[in-house]
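Written below as structure tokens is the structure these notes are about.
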Amino acid sequence: MHDQPASLYPHHLATVRERADKALALGGFDHLLVAAGTPLRKFLDDQDYPFVVSPHFKHWLPLTGAPGSWIAYTPGAKPKLVFVQPRDYWHVVPEAPHGYWAEHFDIVVVRSAAEAIAQLPVGTRAVIAPACPGIDGVEINNPQPVLDYLHWHRSYKTPYELALMREASRIGTRAHRAAESAFRAGESEFGIHMAYLAAARQIDAELPYASIVGLNEHGAVLHYTNFDRTPPERSRSFLIDAGASAAGYASDITRTHAAPDAWEFQALIDSVDVAQQGFVARVRAGQSYPELHIHAHHVLAGVLREHGFFRMSAESAVESGVSSAFFPHGLGHPIGLQVHDVAGFQQSEHGGTIARPDGHPYLRMTRMLEPGMVVTIEPGLYFIDMLLAELRDKPFAADIDWTRVDHFRQYGGIRIEDDVVCTDGAPENLTRDAFALN
């Protein structure tokens, strides 16, 4: 049984402070100022877009709804939370700070974002905040040496962070179960999405990303977010890529389902699922993520060959780019405070970039896996008209069974995605563990 976030938080905060100390020393700064941020105003309107708190802010404490607030940290001193609680009868005013984390901060409550500025320490300041909109009275500098250090070390999750990510996975898998039931009941994409939100007990703005809910051919659109209101005449297949949030931490889960009579598509899903679990098993310390991605191409090319989509060898399919037409995205990405978390390409705590392998422009991580990292593993096979049309003109087109490929276009595609922790030993699969509980 894992510990609860409250008992793990003091160690987490000590870790965040220690990292801040080193980052400030590297950059030559006395203070770290982290803005929660403010919502962006809609053009020519008096309404704002939904507020999304800065990931740097929620790394310090589980506070996601305090626009205009700040964390001010000086090494050796207790961190300070400048909390904006406006006098406002138009909107819900944020509750006064409370909870297991509150005792660890000096908390100052102010009435406006302008008053908050006056509470910030003076001196050489590393200010982490969005550059737009600007903030009167504060020079937003986002110093690169500080960001590089903090982003690099954010890759290594504390036990507290993992506890919250387990919770995000439990919420997400519960909602996935409800979505599958809605699909089986013949609901529209919109109806399925409503069932997902109800089971997650989160509104769209609270989810870590816009849900992808695609029936039939829509599963071939990698970021399909249209939500048809009318069910298709026949629902043959269903792809859902949707996550959930827990105190600012994300889960990112994809499942693909077949109608009971779509047995050939179900057989292909089963093969991708076996392959995906094989990739998950390789999430171990010292594994190069790009090499795992290339390995996935060879395995998935073998799946396509086994299911009769082409006659060429798996090696030829990868070298010629045929596998990329069916699997055109990366194997996954870092995840944590953001669904696509930072530092996926970073060379070291001092910055730098590790390039993607040639021919794989959409891979979102090039690092070596290390204990504490959390990544998604999300292989897919799709029947995308635009990419298939490009294959038809190539010399190896004769090796592809186009009748079979065309027949599978009605199903759209398959993606199976889990969130996986790299440990000192066997990986921890947050997603499968959560499904086992739901």
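For region 211-225, give me each residue that is in a loop (DSSP other than H, G, I, E, B), in contact with a helix residue (DSSP H, G or I) (Cβ under 7 Å, 6 or more places away or on another chain) and either closer than 17 Å to residue 182 by Cα or open to solvent by 70 Å² or more (accessible area, probe 1.4 Å) (or both).
Across region 211-225, the qualifying residue is only 211.
Considering only residues that are in contact with an Asp or Glu (Cβ under 7 Å, 6 or more places away or on another chain) and over 13 Å from residue 256 (Cβ atoms), which ones fall in region 227-244?
Within region 227-244, 227, 228, 231, 243 qualify.
Condition first: of a type in the set (Lys, Arg) and surrounded by fewer than 14 Cβ atoms within 10 Å (Cβ to Cβ). Now tell me which residues in region 338-396 satisfy that.
Scanning region 338-396 gives a single hit, 392.
Return yes when residue 222 is more than 18 Å from residue 199 (Cα to Cα) and of a type in the set (A, V, I, L, M) and no when it is not.
Taking the combined requirement at face value, the residue satisfies it.
Does region 24-42 hold any residues that are open to solvent by less than 30 Å² (accessible area, probe 1.4 Å) and within 25 Å of the chain's Cα centre (by Cα), and which are they?
34, 35, 36, 37
I'd like to verify a number: residues in region 94-124 that are open to solvent by 50 Å² or more (accessible area, probe 1.4 Å) and either among the charged types (D, E, K, R) or in a loop (DSSP other than H, G, I, E, B) (or both), how many?
Selection size over region 94-124: 12.
For region 226-247, give me each residue that is buried (at least 24 other Cβ atoms within 10 Å of the Cβ), closer than 23 Å to residue 434 by Cα and not charged (D, E, K, R).
If the condition is that a residue be buried (at least 24 other Cβ atoms within 10 Å of the Cβ), closer than 23 Å to residue 434 by Cα and not charged (D, E, K, R), then 238, 239, 240, 242, 243, 244 are the ones that fit.
Restricting to region 394-438, count the residues that are over 20 Å from residue 336 (Cα atoms) and of a type in the set (S, T, N, Q).
3
Among (1) open to solvent by less than 50 Å² (accessible area, probe 1.4 Å); (2) without any contact (Cβ under 8 Å) to a residue 24 or more places away in the chain; (3) over 25 Å from residue 155 (Cα atoms), there is one condition residue 45 misses while meeting the rest; what is its number?
Single failed check for residue 45: (1).
I want to confirm something. Restricting to region 146-162 and keeping residues that are open to solvent by less than 10 Å² (accessible area, probe 1.4 Å) and part of a helix (DSSP H, G or I), which single residue is nearest to residue 365 (Cα to Cα)?
It comes out as 154.
Tell me which residues, restricted to region 382-411, are of a type outside the set (Asp, Glu), within 14 Å of residue 322 (Cα to Cα) and touching a residue at least 60 places away in the same chain (Cβ under 8 Å).
Result: 382, 383, 384, 387, 388, 391, 394, 396, 400, 405.
Out of 201, 174, 184, 170, I need the residue that is within 17 Å of the chain's Cα centre (by Cα), farther than 20 Å from residue 382 by Cβ and not aliphatic (A, V, I, L, M). Which one?
Being within 17 Å of the chain's Cα centre (by Cα), farther than 20 Å from residue 382 by Cβ and not aliphatic (A, V, I, L, M) holds for just one of 201, 174, 184, 170, which is 170.
Restricting attention to region 397-409, and to residues there that are outside any loop (DSSP other than H, G, I, E, B) and touching a strand residue (DSSP E or B) at 6+ places or on another chain (Cβ under 8 Å), which single residue is surrounded by the fewest Cβ atoms within 10 Å (Cβ to Cβ)?
Among residues in region 397-409 that are outside any loop (DSSP other than H, G, I, E, B) and touching a strand residue (DSSP E or B) at 6+ places or on another chain (Cβ under 8 Å), the one surrounded by the fewest Cβ atoms within 10 Å (Cβ to Cβ) is 399.
The values are calculated or read from the model by the stated rules, or taken from the named source; none is laboratory data. The structure presented is a predicted model; accordingly, all values stated were derived computationally and were not measured. Positions of Cβ are generated from backbone atoms using ideal geometry, with glycine treated the same way; all protein chains shown enter the neighbour counts. Ligands, DNA and RNA are stripped out before the accessible areas are found, and what is left, the full protein with its side chains, is counted by its heavy atoms. Shrake-Rupley method; radii C 1.70, N 1.55, O 1.52, S 1.80 Å.
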